[in-house]
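What follows is a single structure, written as structure tokens, with notes after it.
Where a number appears in this text, it was derived from the coordinates with a stated rule and is not lab data. The structure displayed is predicted, hence computed values, not measured ones. Glycine also receives a Cβ, built like all others from the backbone with ideal geometry; neighbour counts cover every protein chain displayed.
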Amino acid sequence: MTIRRRLTPREAIVVDHVSRGLTIRQIAEGLGVSLATVKRHLNNIMIKWDCGNRTQVAVQATLRMAAQPGGTVEFFGQLPVAHLPDEGPC
């Protein structure tokens, strides 16, 4: 049985940045946190979403946002970029 937990607001921000293709260092600098903090958020996201890497997180974000009311998916070049809705289950 899989327990689905919601992302924290900070994890949702990290997912958005990952889906935009930012590196861990860029995310850390943009949020004003350490690399270790971003890695911890990513690890928590990967556990919650059962993903093995950042690419899978970006794909899951895109799929989840396309399926949710209020979620949008834009295309940056050929890559989809997910935007998390303000509320709703993950």
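Distance in nm between label sites at R40 and R10, each 7 Å beyond Cα in the beta-carbon direction?
Inter-label distance under the simple model: 0.7 nm.
Fewest to most neighbouring Cβ within 10 Å: what's the order for T37, T23, T62? All intermediate terms of the calculation are to be shown ahead of the outcome.
Working: T37 16, T23 13, T62 19.
Final ranking by Cβ density, sparse to dense: T23, T37, T62.
Cut-off is 10 Å between beta-carbons; in what order do R64, R25, R10 appear when sorted fewest neighbours first? Show your work: numbers first, answer last.
Working: R64 20, R25 10, R10 14.
Neighbour counts put them in this order, fewest first: R25, R10, R64.
Evaluate the distance, in nm, between pseudo-label points positioned 7 Å from the Cα of V33 and of Q56 along their respective Cα→Cβ axes.
For V33 paired with Q56, the spin-label model returns 2.1 nm.
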